[in-house]
1. All but one of (1) more than 12 Å from chain A (Cβ to nearest Cβ); (2) in contact with an Asp or Glu (Cβ under 8 Å, 6 or more places away or on another chain); (3) not acidic (Asp, Glu) hold for B:Ser191; which doesn't?
2. Looking only at the range B:205-223, count how many residues are in contact with an Asp or Glu (Cβ under 8 Å, 6 or more places away or on another chain) and either over 18 Å from B:Glu127 (Cα atoms) or more than 13 Å from chain A (Cβ to nearest Cβ) (or both).
3. What residue, among those in the range A:966-991 that are in contact (Cβ under 8 Å) with a residue 24 or more places away in the chain and hydroxyl-bearing (Ser, Thr, Tyr), is farthest from A:Ser287 (Cα to Cα)?
4. Within the range A:851-899, track down each residue that is among the hydroxyl-bearing types (Ser, Thr, Tyr) and either assigned to a loop (DSSP other than H, G, I, E, B) or modelled with pLDDT of 95 or more (or both).
5. In the range B:282-299, which residues are in contact (Cβ under 8 Å) with a residue 12 or more places away in the chain and either at the interface with chain A (Cβ under 9 Å from one of its Cβ atoms) or over 22 Å from the mean Cα position of the chain (by Cα) (or both)?
6. Could you list, in sequence order, all residues of the range A:846-860 that are more than 14 Å from chain B (Cβ to nearest Cβ), touching a residue at least 12 places away in the same chain (Cβ under 8 Å) and not basic (Lys, Arg)?
7. Which condition from (1) in contact with a Lys or Arg (Cβ under 7 Å, 6 or more places away or on another chain); (2) assigned by TED's automatic domain parsing to the domain that holds B:Ser212; (3) more than 28 Å from B:Pro323 (Cβ to Cβ) is the one that B:Ala412 breaks?
Amino acid sequence: MPGFRRLLPILLALLLPAALHAQSYTISGTVIDKSSGEPVEFATVVIEATEQWAVADEKGRFTISNISAGKTVLSTSCLGYVTNTQELTVTKSIDNLKIKLDLDNLALEEAVVTAKENGNSATTARIIDKTALEHVQMMNVSDISSLLPGGATQSNVLTSEKRFDLRAGGASEDGNSSFGTAVEVDGVRLSNNASYSDIKGVPTNNIASANVESVEVITGVPSVEYGDMGSGVVKINTKKGKTPWSVTMSTSPKTKQLSVSKGFGFGVTGKGASMGVLNTSLEYTRSISEPMSPYTSYLRRQMSLTYSNMISTGAFASRPLRYSIGVTGNLGGYDNSADPDKFTDTFSRQRDNSVRANFNANWLLSLAWITNIEINASAVYSDKLLRENKNFHESVTQVSLHSVENGYIMSEPYSVNGPNGAVMIPAGTWYNVLAVDDRPLTTKLALKANWARKFGEVNNKLKIGGDWNMDQNFGIGTYSEDLSTAPTFREYRYCDNPSMNNFAAYIEDNLMLPVGQGRLNLIAGLRNDNTYIKGSAYGLTTSLSPRFNAKYSVLDAASRQDKILRDLSFRGSWGVAVKQPSFSILYPVPSYLDINVFTSTASADNVVYRAYYVRPKTIEYNAALRWQKNHQAEFGIDADIAGNKLSLVAFYNKTIDSYLLETEYERFDYKYTSTADVQGLPIPATDRIYTLNPATGTVTVSDKTGALQPIEAVNSTRKQFISTVFDANELSPITRCGLEWILELKEIRPIHTSIRIDGNFYSYNAVDTDMAAYSPYTTVGADGQPFRYVGYYVGGNAIANGREARAVNNNITLVTRIPQVRMIVSVKLESSLLNYSRSLSERPDGKRSYRVDNRADFLNYDESASIYDGESYAALFPDYYVSWDNPEPQPFLEKLRWAKDNDAALYADLSKLVVTSNYLYQFSKDYISPYFSANFSVTKEIGDLASVSFYANNFFNNMGQVWSTKTKTYSSLSPRYIPSFYYGLTVRFKF
Amino acid sequence: MKHPIRYFMAFLLIAAFPACGPQVVAVDINVQLFSDDAPLAQEGITIVLSDAGGNVTFGAVTDASGTAAFKVNPGSYTASATFKSAEDGKLITLNGSNTNIDVTGQSGEKFLLILQKVEIRQLIIKEFYTGGCPKNDNSGAFTDDKYIIIYNNSEVEADASDVVIGAISPYNANASNKYFTKDGLVYENDSWLPAGGVVWYFTSPVKIPAYSQIVVAVFGAIDHTATVTASVNLADPDYYWMSNADIPAITNAKYVVSDVIPPSHYLSGYQINRQNAWTISNTAPALFMAIMGKSELEALCTNTADYDLTAGTNDISWAVKMPKANVIGALEVYAAASLEACHPRFSSDVNTGHIVMTGQLGYTIYRNVDKEATEALPENEGKLVYNYSGGTEDVGGTTDPSGIDAEASIAAGAHIIYLQTNDSGKDYHQRRIASLKQ
């Protein structure tokens, strides 16, 4: 941080002169529909430089006060209209400004059905607007990932969870990249922090897709306003404002959707005050996994209500207050209970219910020392109850363990003793419903103040804010609806764990100044996060996230429309983002080692007594746990050459301290009573009662008739290692870098067709070098006793501890617009030109794996040979090991070599810690041959009343194969690499 | 009566010259059994001595030293003997003849009768029920009721104490098999077979009477019919059980044993691979039976330095090199549902061919009857039951071509000799119902 400390005084020196007060003016006017001349109520007019705004009233009138003199850009937008941007030179107050808005439809020459660069952003941000969303007919908002540079179309069914995962290569990569992608709907952060099941990003299945107005994807370094993220922000905006009835019907072989929305305007009061607008939306979407068996389904039933209004009368006349309050509810989820292929009465149902509520207020103060103040409050409550009804069958009595206490326990019939730690379930067939109650709640309160001033030609915006967010889970975890027949599970009440609170404060300055013909935009910000977990050993954790953006627009684009080089800009960003942990890291669901220490013989009615030693596998607190960080940097060039737009951006992401769970072992011994040791006892088998001393583990056999004295069964001591789990950080960074390009060629006028080429180069490299312990559990030592050695490996005991990958994807999209008939047709050729990966086995201080010709002869390796030089087997040895009897670390290889000649038993045991590769091609380079897929989409508007869209993905039904240079085999393209042929139709009515 | 003229001519010679030359005097000779380059001290074996013309035969029984005494006239004779014996669990036929018994007239001459051993497997895998059967509510297959029947296919009591049972890797014939290449099995010409999982052995002496069997329960030695009516009752005091009691890592709850089975009937095993239960296939196993002493077995199974690691990583897919010479039974089963993906796991010198099985329907793999040998047993007169209808040929399976209903015949008191061709496809058929179900 020393660099930032040096920069801060410079920043402040730039800003302090802003205390000087300048002359201010007023802009007022009317927003009207260009074609009809009707006023456009609720149109928002914004001074871009200072973010001063106004909302047009029922007559389209607006007024913005306290505007500084000089050039300024005025942006006017309203749902259903194309955003109007115009530059004004303010030398005095402006009255009666007429702003004419074009209806946003396919009659326009410039309708866009791809992702657009956000030219106002100093970092990489792309916007997918309504036209593009309707054209692509998304059912899951994450489907829009295919519109990003190099994005590939994926299967669009909802029966499997989908997530955003920006600038990453998928779930097989380290670093929890999807977990670091922040998703917001109308400013409401959707969080997966309170999840106990995984370290992944929030699923997007329950976000209604039909009511989305636009999506902005920030893949670069976002404002410090955004915390708790690592690799990008996805901002989903739903439809707002006074809108006509909109009915959308979509169908595809796997998904049906019906949605209705309407924005009701309530007019004005007698005093002329706006009564606001209520946006309503209803959506019903049902998706099935397989058309041939349309019974396993995902259902989304969503209703959304948002009321928004502006107070601009009376005391608020010159300082209007805009606010909105909204609530969205979703009922639905996954259900396979109707599937006739499943056994009778078995099912799996998982709710995906949620309620999102938000309140937003923006008060335009336009004071000398503060421009506006904004408050956001939101809460997201989800109900993800999973219920699974399973059929069980056992030919002897079975034991379900529910004990969470450390120690011995003997099974007891539920019918005799009721609930107990080791329930004996009678032999036979039964059903049981096991449920997991998961109810996360995320709440957020944010306060932000903006101070925007213009100093001559210099615009400055200072943003200061703070937010508090809290994650909690009200679920009770796993439970059974019938404990007498429930399978083994342990109660772990999520709701008993404390909430995670994060308090953040940030400051960011955004400076725009003219340099030469162009402008220079500098943004510097610092965010401070303080995560507090009450009652947890982690206590308070503080982290800092500095971020910088710079963009230099070399040319004045507006004045160069007749030049070859019309626009040119450079941008660069660097920043740090901190990702809070999930509850699966903070409070991992405890697991238990249940050691079967005794099994009786079976009686004539198949009753078997079993005893266990229950050993909770402690989730150890790691005082050294650090919050996962992402260092991002990027550099981009944007140019307009004779109407051909080029965007190039290179990025570099480094994830450090990524979260993971690691294992340690501790020595343990217990008493074991063999079946044979009780079988021959004189007490007749039919008269036996088995009891267990919970302290000593001794089994006593009693005669229920009382004829014979109780007998303590002989037992033996077994020694073994048992594992424990602790939170940890991955020591080695995970690096991702790449290049993204977009080339939008100037439209070929005679055929109304434009060509867009977008793609990306992506490179990933990760090597885990954490020292990790491993001891096989389901094996025995050379002495026939439990295995009693633990090996310590650099990067764990997998033969590969890392992976490198590179990919080049390129898409060519032809878009033909026929404004005369209000139709747009697009054909997109998606191609994978490079798909390379290779397993790695590396360590910073030498070789981790050795090349061996014969896996049985793993000690005979060539020190100088590399595992990467052609095909070979590889052997991995632990650095050292400990044994149950000797906790002192022993050098592994040295001892193994010695044991081979001197101690066969030790050699046999240590050999089980040696890891050899399964395949000769384990570390071979894997190039997947290039492959292609083509998508076709068409949208046609029928007047202003209706529109129809049709798409066919992989419409050539490419069912080819790709060649793997690693396995030297062909494999089918679909559905692993490209989606199967798929199509859909959407009809929309507006009235 | 084959050569009446010879008898007549001999009579004429004797009658024509009764007083010519010296009188012939019979002398004592001894014939000693000899085998494996050493005298064979086998008492009670009948040695037959016949003259060169085969006109005169003498019989004498060996004493404790394996010697039989004869009193014969000088001349050329042929001595022969044949008998069956058990050796290392294998039925041995010792057979030999000596055509050079030239008796010169000197009393006390000693001749050797060298015997050759012809091995016949005394113990065979009669049945392997592994595919399971439908549960009562048809919610799936029940496969915890597996059992193996070891049968004494001879008239001599068998010692099964050193029998070991295991499976060849991989445990499914249709699984990816690193031992099988385009050139066939990589160990085809080696002296071993890769045995994985667990190698089981008897913990107490086991004797199997002639034409009798023992049942070895694999997972649950209990009455499975209590909960699955299509299953079998394995709670029988005569049955054996593959016990997990002394194998700490084999912790699967399916290992249970009935009160009625004594600990002496518990098998134990050496765990070769990482697992919590013996991974014996439900549909396509390669089961073997071998004879090996306890110390030899322990050395084989605990010396990982001699393991074969061809199949996999760590000890997940390691295999012990089971010597082919010790293997006395092999059963190769292919899964009907994935026949094309199946590959052999026994080298051709141990087993050729395979039997196809459909799992989960209660079918079992049952040995075919050696019709000729069985019918040749005089004690079977009137006891053999024909018109066997227990096969599955009507549902695309197989049946016993002998036509003898082995189980019905045994119930009628017959002794069954099962077929031994070392070809699982010829030796076995898919039986509709497990034999213990009857």
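The values are calculated or read from the model by the stated rules, or taken from the named source; none is laboratory data. Everything numeric in this text was worked out from a predicted model, so none of it was measured. As a convention, Cβ positions derive from the backbone with ideal geometry for all residues, glycine included, and neighbour counts pool all protein chains shown.
1. The one condition B:Ser191 does not meet is (2).
2. Going through the range B:205-223 one residue at a time, the tally reaches 9.
3. Initial filter on the range A:966-991 (in contact (Cβ under 8 Å) with a residue 24 or more places away in the chain): A:966-968, A:973, A:975, A:977-991.
Right, trim to hydroxyl-bearing (Ser, Thr, Tyr) and you get A:967, A:977, A:980, A:982-983, A:986.
On the way: A:Thr967: 36, A:Tyr977: 22, A:Ser980: 16, A:Tyr982: 14, A:Tyr983: 14, A:Thr986: 15 Å.
It comes out as A:Thr967.
4. A:Tyr861, A:Ser864, A:Ser866, A:Tyr868, A:Ser872, A:Tyr880, A:Tyr881, A:Ser883
5. Those that are in contact (Cβ under 8 Å) with a residue 12 or more places away in the chain and either at the interface with chain A (Cβ under 9 Å from one of its Cβ atoms) or over 22 Å from the mean Cα position of the chain (by Cα) (or both): B:Asn282, B:Thr283, B:Glu298.
6. Of everything in the range A:846-860, just one residue is more than 14 Å from chain B (Cβ to nearest Cβ), touching a residue at least 12 places away in the same chain (Cβ under 8 Å) and not basic (Lys, Arg), namely A:Tyr850.
7. Going through the list (1) in contact with a Lys or Arg (Cβ under 7 Å, 6 or more places away or on another chain); (2) assigned by TED's automatic domain parsing to the domain that holds B:Ser212; (3) more than 28 Å from B:Pro323 (Cβ to Cβ), B:Ala412 breaks only (2).
One line per residue, one yes/no per condition, for (1) under 24 Å from the mean Cα position of the chain (by Cα); (2) within 14 Å of chain B (Cβ to nearest Cβ):
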| site | (1), (2) |
| --- | --- |
| A:Asp345 | no, yes |
| A:Asp352 | yes, no |
| A:Ala357 | yes, no |
| A:Ser378 | yes, no |
| A:Tyr381 | yes, no |
| A:Glu394 | no, yes |
| A:Glu412 | no, no |
| A:Asn417 | no, no |
| A:Pro440 | yes, no |
